[in-house]
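Please read the structure below before turning to the comments.
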Amino acid sequence: MKFETVRPVHSLSVRRASRGLTLLELLMAIFIFMVGIMGVLMALPTGTNAASWVIFQDAAIHLSQSKFAEFRRDRVDPSVDLADGSGYMNGIGTTASGKPAGKQEPLKGNGWRDFAHTNPTDTYYHFDDITRYEWKVDQSVLKSVGAGAAGAPAGHLAPQFGGGNALDLYSVTIVVHMKGTTREFRYTQYMLKYE
Amino acid sequence: MRKSRGFTILEMMVVVTIALVIMTIIISVFQVSTRTVKSVERKLAVYEAARNILDIVHAQVMMAVVNERSEQFSIKSLNYTNTPGFPVKVANPDVTARYGRTLRREADALQYGVLNAGCSIWRDWRPDLPGSYVHAVGYIGMYHTHPGAYKASIRSTLAYPKRDDYDGSGYIMTGVWNVPRPVGELREEMLNDVTQIELMNVLTSTNHESWEAWENNGMWGPQVTPYDPIHHFFAPGNEPKYTIPIYGDIGRKNQARMSGIKLMDLDFAYWDEQEKTFKDPPDNSVIYFAPAPKAIRATITVCDTERRSTVTLSRVIHLHIGANPATSSWIKSDDGDYAVPLPSNQIKNVLTLEPTLTEIN
């Protein structure tokens with residue numbers, strides 16, 4: 001039996017000899033590598049930025065809910081007491097109808113209000129990073145909701161006490177702002193006038 | 001074929017130098033970035049935990065109801081000193097530092113009534129039972145009979161350590177059946193490691209269905225006939241205190257913890273309408289309000305699992321049942337009368353009422 005030696009089609013001997021990289025090629029490789037690394041590094045602040053947004057939103061939720069709780073505690077009439085020029089919003093300690101109330105923080109020149117935090121007895125004294133936040137009631141959307149049911153047609157007995165009365169229901173939006181940024185958090189609730 | 005020649009020593013030195021400079025810059029930038037990301041992520045975690053706790057406290061308190069005598073809405077103000085180390089190594093000289101980076105740990109408790117008709121045997125909502133619903137935290141712990149209401153207490157486990165192993169918390173027990181470790185020991189462990197402190201809610205039913213046992217019919221059954229509420233069930237002094245350790249099956253199931261969230265401080269302050277400020281009851285005191293104050297402020301501190309970051313946040317909560325101006329003309333100082341039912345709107349020494357609250361060891 002006769003065996004033949006089979007020659008590979010592509011033998012090592014026909015491969016072109018390697019010649020190594022030139023300095024220019026190596027510098028280009030380093031440059032490309034550096035661009036890649038820079039890309040990764042630039043992605044990190046994006047994540048940090050998103051996280052700080054969430055932290056701001058977390059804080060703003062507590063703060064705006066607290067402000068709504070203050071308004072309800074003080075039995076405010078939203079249409080009167082939550083207007084920027086009202087006595088209540090300027091810290092006189094009563095509502096327009098004379099009910100005892102807490103003192104809201106004064107309006108600053110920039111249109112925002114700080115959260116009270118100067119004295120240990122201030123409501124927000126122990127709230128971490130409170131100096132970074134300020135708030136306002138959005139006056140442009142402070143409005144009554146619905147005008148009440150229309151007057152009952154003649155001969156109808158309902159509504160029993162007549163229609164066309166205002167519901168005294170108001171849409172109130174509190175805006176919390178992070179100082180030195182454009183970040184704002186808007187929180188809206190409906191509020192009834194307290195009788 | 002061109003002959004391969006490789007790098008010269010000079011070329012190699014240039015390349016290595018450039019590569020080293022670039023890597024040094026990149027590593028330092030990367031380290032700073034990583035530290036920043038880690039720090040923000042830790043902060044994010046504690047803010048998220050704080051929001052969860054305050055949402056739960058808010059939701060629970062909004063369920064509060066009172067009877068025709070405005071019973072019961074009470075705040076117990078307690079604090080302890082934790083072992084130096086975390087969150088600070090030495091006592092904070094700032095006397096106004098009540099929370100967070102101080103050794104003073106606030107461990108308050110808030111008591112109130114809730115309406116609920118009971119639950120299924122799995123302690124969840126019974127859709128076929130009108131008036132049944134799930135609490136954000138806290139087992140209703142009642143299913144043989146169905147009550148109209150419960151007494152609730154939302155509290156720090158530092159003040160009232162959990163005393164059962166229903167959830168497999170073996171460290172609570174001595175190893176002897178039905179015998180938990182003394183509360184002082186459990187409290188001391190928390191003061192040595194503040195990450196063990198948790199939020200707990202306890203619910204006690206008006207039916208007094210107090211315990212159950214495995215019966216011959218192969219079912220758990222009540223062993224004491226449920227009875228009507230005791231006289232002055234909601235009255236000041238009859239609020240839930242330490243829970244009954246494993247006793248049948250019910251005492252251990254009517255309490256639940258927000259496990260996994262590290263609650264270092266839990267504080268409740270009430271709104272004083274005259275002074276226009278939130279006021280903490282004096283240290284180690286209890287005030288039974290009637291009616292409830294118009295608002296309370298819940299302040300908490302939480303820390304991350306690695307004990308490297310803390311956050312202190314607060315939330316004002318308006319009470320629908322609140323009408324108490326809580327001024328100095330309403331809230332009186334202690335008159336020394338400690339007969340139950342205790343007087344409302346009077347500062348009482350909670351350590352006189354419950355001396356075990358100070359036990360350590």
### Task
Filter segment B:7-63 down to residues that are of a type in the set (Lys, Arg) and facing chain A (nearest Cβ under 8 Å), then give me how many there are.
2
## Note on the structure
Over segment B:168-186, the set of residues hydrophobic (A, V, I, L, M, F, W, C), within 17 Å of B:ILE360 (Cα to Cα) and modelled with pLDDT under 85 is B:ILE172, B:MET173
### Message
Given (1) within 11 Å of chain A (Cβ to nearest Cβ); (2) in contact with a Lys or Arg (Cβ under 6 Å, 6 or more places away or on another chain), identify the lone condition not met by B:CYS303.
### Response
(1)
### Task
Within segment B:69-104, track down each residue that is buried (at least 20 other Cβ atoms within 10 Å of the Cβ), within 14 Å of chain A (Cβ to nearest Cβ) and in contact with a Ser or Thr (Cβ under 6 Å, 6 or more places away or on another chain).
B:PRO87, B:TYR99, B:GLY100
### Query
In segment B:22-68, how many residues are touching a Leu at 6+ places or on another chain (Cβ under 7 Å) and surrounded by fewer than 18 Cβ atoms within 10 Å (Cβ to Cβ)?
4
### Message
It is to be established whether one or more residues within segment B:106-128 are touching a strand residue (DSSP E or B) at 6+ places or on another chain (Cβ under 6 Å) and at pLDDT below 80.
### Response
no
### Residue count for segment B:281-313, restricted to those that are part of a loop (DSSP other than H, G, I, E, B) and out of contact with any Phe, Trp or Tyr (no Cβ under 8 Å at 6 or more places or on another chain)
8
### Query
Residues in segment A:169-179 that are surrounded by fewer than 19 Cβ atoms within 10 Å (Cβ to Cβ) and either at pLDDT below 95 or among the acidic types (Asp, Glu) (or both): how many?
2
### Task
Taking the residues in segment A:48-80 that are over 20 Å from B:HIS320 (Cα atoms) and over 17 Å from the mean Cα position of the chain (by Cα) as candidates, determine which candidate is surrounded by the most Cβ atoms within 10 Å (Cβ to Cβ).
A:SER79
### Query
Do you know which residues across segment A:44-85 are part of a helix (DSSP H, G or I) and among the acidic types (Asp, Glu)?
A:ASP58, A:GLU70, A:ASP81
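The values are calculated or read from the model by the stated rules, or taken from the named source; none is laboratory data. Quantities reported herein were computed from a predicted structural model and do not represent experimental measurements. Because the Cβ atoms are built from the backbone with ideal geometry, glycine has one as well, and the counts that use them run over all protein chains shown.
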